[in-house]
1. Might you check whether a residue that is outside any helix (DSSP H, G or I), within 13 Å of the chain's Cα centre (by Cα) and either surrounded by fewer than 21 Cβ atoms within 10 Å (Cβ to Cβ) or in contact (Cβ under 8 Å) with a residue 12 or more places away in the chain (or both) occurs anywhere in the stretch 170-183?
2. Applying the selection to the stretch 242-274, what residues are over 30 Å from Ser210 (Cα atoms) and touching an Asp or Glu at 6+ places or on another chain (Cβ under 6 Å)?
3. Only one residue in Asp198, Asp202, Asp214, Asp253 is in a strand (DSSP E or B) and either in contact (Cβ under 8 Å) with a residue 60 or more places away in the chain or basic (Lys, Arg) (or both). Which one?
4. One residue is enough: does the stretch 134-151 have a residue meeting the conditions among the small types (Gly, Ala, Ser), at pLDDT 95 or above and over 14 Å from the mean Cα position of the chain (by Cα)?
5. Restricting the stretch 211-231 to residues that are surrounded by fewer than 19 Cβ atoms within 10 Å (Cβ to Cβ) and over 20 Å from the mean Cα position of the chain (by Cα), which is nearest to Asn153 (Cα to Cα)?
6. Of all the residues that make up the stretch 65-80, how many are of a type outside the set (S, T, N, Q), under 17 Å from the mean Cα position of the chain (by Cα) and more than 17 Å from Val21 (Cα to Cα)?
7. Please go through the stretch 19-37 and pick out each residue that is surrounded by 15 or more Cβ atoms within 10 Å (Cβ to Cβ), within 21 Å of the chain's Cα centre (by Cα) and more than 22 Å from Thr90 (Cα to Cα).
8. Could you list, in sequence order, the residues of the stretch 21-47 that are in contact (Cβ under 8 Å) with a residue 40 or more places away in the chain and within 19 Å of Ser70 (Cα to Cα)?
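The values are calculated or read from the model by the stated rules, or taken from the named source; none is laboratory data. Quick caveat: nothing in here was measured; it's all calculated off a predicted structure. Cβ atoms come from the backbone with ideal geometry, glycine included; neighbour counts cover every protein chain shown.
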Amino acid sequence: MGSHLIRRLVEQFPEVRVISVDNYFTGSVANHVEDPRVEYITASTVDISRVWDRRRLPSPDVTFHLGEYSRIVQSFGDFDDVWEFNIRGTKEVVTFCHERGALLLYAGSSSKFSGEGSEHLSPYSWTKAKNIEYIRNFSTWFGLDYVITYFYNVYGPGQISKGSYATVIGIFEEQASHRQPLTVVEPGTQTRDFTHIDDIVDGLIICYLSGEGDGYELGTSQDWEIIEVARMFSDDIEMVPARQGERGWGRADSAKARAIGFAPKMSLADYAAEVRKSLER
């Protein structure tokens, strides 16, 4: 995610200077954007102010806060990491932005829109929902310019396809490329709204330029059953048991984002057809 955003920033804003702070929990140095306007710092968001002050860096105009723990099922086993990255880390990023007069652009979790009580289904969902409350309250208490966006199942180049943090589309592509059955979590009728990384980055830039406050859902506003998505990539399907914390459905209400110019262009069906075609060659 971060590398795609950085690449777009240096393409779209010639005078930009980008400073990335990343602990590489799921990121990779291999994704770095080679450009003199980009600087990479290996550090945790918990230490962002200390790192910034030690290097005597200028105050930023905007902080894109994408550096949180972002997996639902795995968060039950990684609770200490979830707390460190999502609660402690975000508290420090909020303070950092407030003290330096920077706009905070925060990536919330779309899991909060999946029905009453959905934010309590997992440690991940709960911490993300609490951070939304914290940012909004902090702004009321002390003054903070912020924009809150919500991502819906991001896919595309650079997605994680292996290991416990792999994404759904990444897993399906990896399994299809090795002629393995595509594992679909029961019941398979749960739905998700899938959004291409290029559209997400478009949305982030638009929200930075024109957004204000909460409520910018970045999705296509079309949801797909997971088993239907799997069949886009392969006819060989294997059902696996349901997992703790999974929500039943997810579909973006992108009206507020569309009102300021967000218009997703990429189709999951077209993307899957291209992947399948390439694998069949």
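1. The answer is no, given that none of the residues of the stretch 170-183 is outside any helix (DSSP H, G or I), within 13 Å of the chain's Cα centre (by Cα) and either surrounded by fewer than 21 Cβ atoms within 10 Å (Cβ to Cβ) or in contact (Cβ under 8 Å) with a residue 12 or more places away in the chain (or both).
2. Across the stretch 242-274, the qualifying residue is only Ala242.
3. Answer to the selection: Asp214.
4. Yes, there is a match, as at least one residue in the stretch 134-151 is among the small types (Gly, Ala, Ser), at pLDDT 95 or above and over 14 Å from the mean Cα position of the chain (by Cα).
5. Ranking the candidates gives Glu225 first.
6. Within the stretch 65-80, the subset of a type outside the set (S, T, N, Q) is 65-69, 71-73, 76-80.
Narrowing the set further to residues that are under 17 Å from the mean Cα position of the chain (by Cα) leaves 65-69, 71-73.
Cutting the leftovers down to more than 17 Å from Val21 (Cα to Cα) gives us 71-73.
Count: 3.
7. Within the stretch 19-37, Asn31, His32, Val33 meet the criteria.
8. Taking the stretch 21-47 and keeping what is in contact (Cβ under 8 Å) with a residue 40 or more places away in the chain, we get 21-23, 25-26, 31, 44-47.
Hits for the stretch 21-47 are Val21, Asp22, Asn23, Phe25, Thr26, Asn31, Ser44, Thr45, Val46.
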